[in-house]
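Data first, discussion second: the structure below is written as structure tokens.
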Amino acid sequence: MKKPEIDLTNCVLCEICTDYCPSVFRLNVAGFVEVMELEEYPEADINEVIKNCRGDCLFWVENEYCINAG
Ligand code: SF4
């Protein structure tokens, strides 16, 4: 499964990702953007955010690891 990742060293906290896709991106208590753990990510919406990310620091990774509750 593909998962969005953030290179926080280049994130300028423009909050485009958290505004456009609040179900995927959120600001954590430390003030950094983080990606929520979801079973699926809305690909078209995230591609739009990737295009508009001011820090050019969002990208997809292949996530081979499976979240299993038991
Ligand atoms: S859109 Fe990019 S630069 Fe803006 S807050 Fe999100 S990750 Fe950071």
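Each value in this text was obtained by applying a stated rule to the coordinates, not by laboratory testing. If you're wondering where the values come from, they're calculated on a predicted model, not measured in any experiment. So basically every Cβ, Gly included, is an ideal-geometry build from the backbone, and we count neighbours across all protein chains shown.
Here is how the numbers come out for the structure above:
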{"read-out": "Pair list, Cβ < 8 Å and 6+ apart or interchain, from segment 33-58 residues that are under 12 Å from Pro4 (Cβ atoms) to residues that are among the small types (Gly, Ala, Ser) and more than 11 Å from the ligand (Cβ to nearest atom)", "value": "Met36/Ser23; Leu38/Ser23; Pro42/Ser23"}
{"read-out": "Per-region count, segment 11-33, residues outside any loop (DSSP other than H, G, I, E, B) and within 10 Å of the ligand (Cβ to nearest atom)", "value": "8"}
